[in-house]
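Only one structure is covered here, and it is reproduced in the block below.
The values are calculated or read from the model by the stated rules, or taken from the named source; none is laboratory data. Quantities reported herein were computed from a predicted structural model and do not represent experimental measurements. Cβ coordinates were reconstructed from backbone atoms using ideal geometry, including for glycine residues, and neighbour counts include every protein chain displayed.
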Amino acid sequence: MEKVRGILIGRMQPVHNGHIEVIKKTLEEVDEIVIGIGSAQKSHELKDPFTAGERVVMLTQALIENNIDPGSYYIIPMEDINFNAIWVAHVKMMTPPFSVVYSGNSLVKQLFYEEGFEVRNPPLYDRMNLSGTEIRRRMLEDENWQELVPQATIDVIEEINGVERLKNLAIKEISEIGD
Ligand code: NAD
């Protein structure tokens with residue numbers, strides 16, 4: 001029988017437990033999942049501190065940590081393009097064929113819906129805490145961000161001094177306010 005393949009695209013700044021839960025849940029519904037690391041060109045910004053490569057390591061190791069079959073997913077960094085109307089074609093060009101789109105992002109859902117894809121809303125897990133915004137805030141405020149992410153994300157952030165990077169980006173952006 002033909003395999004059903006889904007896609008989930010996220011910036012994953014950084015990879016957190018919500019992403020892992022949604023990937024597990026999605027794999028109960030489809031045979032394989034394409035995981036797009038969105039805004040791959042971005043890094044070293046307050047909202048997007050980590051490079052695509054760093055996010056690939058976080059995700060790859062986190063999926064191993066969670067015993068998810070490595071034959072069931074493809075991790076693909078995806079750069080943004082300036083034109084929303086042709087973004088779906090750009091995504092299709094970069095990924096294995098897929099038929100179901102999982103996203104909670106309204107723009108993403110709208111663009112795929114208009115191109116005829118089946119769009120599903122994945123359940124949200126503890127969205128108050130499991131969000132990149134909250135995790136980056138905790139990093140800046142020296143609060144417990146580690147409880148919200150897989151061990152693999154902690155390991156990568158320690159390896160690259162990620163919290164220090166984020167704090168330096170915050171100082172730099174404040175100092176540029178007067179420019
Ligand atoms: P995100 O990391 O915030 O979320 C990705 C997905 O993960 C969400 O849709 C949601 O399904 C899931 N998720 C997140 N937190 C969760 C939680 N607590 N529980 C369960 N699931 C959770 O990323 P995003 O902002 O949605 O990413 C969209 C990407 O698509 C961005 O990189 C954006 O730039 C890109 N994009 C680009 C264009 C273009 O280039 N023209 C157009 C549209 C979108």
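Couple of notes before you dig in:
- Of everything in the stretch 54-87 that is more than 16 Å from Ile35 (Cβ to Cβ), within 12 Å of the ligand (Cβ to nearest atom) and modelled with pLDDT of 95 or more, the residue that is surrounded by the most Cβ atoms within 10 Å (Cβ to Cβ) is Trp87.
- Unmet requirement for Gly38, which otherwise passes all of (1) touching a residue at least 60 places away in the same chain (Cβ under 8 Å); (2) closer than 30 Å to Glu141 by Cβ: (1)
- Number of residues in the stretch 5-24 that are more than 11 Å from Pro122 (Cβ to Cβ) and within 12 Å of the ligand (Cβ to nearest atom): the value is 10.
- Residue within the stretch 25-34 that is under 11 Å from the mean Cα position of the chain (by Cα) and either among the basic types (Lys, Arg) or more than 8 Å from the ligand (Cβ to nearest atom) (or both) present: no
- Identity of the residue in the stretch 35-53, within 12 Å of the ligand (Cβ to nearest atom) and among the β-branched types (Val, Ile, Thr), that ends up nearest to the chain's Cα centre (by Cα): Ile37
- Leu111 meets the conditions (1) within 9 Å of the ligand (Cβ to nearest atom); (2) modelled with pLDDT of 95 or more; (3) within 21 Å of Ala52 (Cα to Cα); (4) more than 15 Å from the chain's Cα centre (by Cα) in every case but one. The failed one is (3).
- Yes/no for Pro150 being exposed (fewer than 15 other Cβ atoms within 10 Å of the Cβ), at pLDDT 95 or above and within 19 Å of Thr26 (Cβ to Cβ): no
- Cβ-Cβ under 6 Å pairs, at least 6 apart or on other chains, the stretch 119-143 side more than 26 Å from Val101 (Cβ to Cβ) and more than 8 Å from the ligand (Cβ to nearest atom), far side in a loop (DSSP other than H, G, I, E, B) and not polar (S, T, N, Q): Arg138/Trp145; Met139/Trp145
- Any pair with Cβ under 9 angstrom, 6 or more apart, that starts in the stretch 90-103 at a residue that is within 17 Å of Glu28 (Cβ to Cβ) and aliphatic (A, V, I, L, M) and ends at one that is part of a loop (DSSP other than H, G, I, E, B) and at pLDDT 95 or above: Val100/Val4; Val100/Glu29; Val100/Val30; Val100/Phe117; Val101/Phe117
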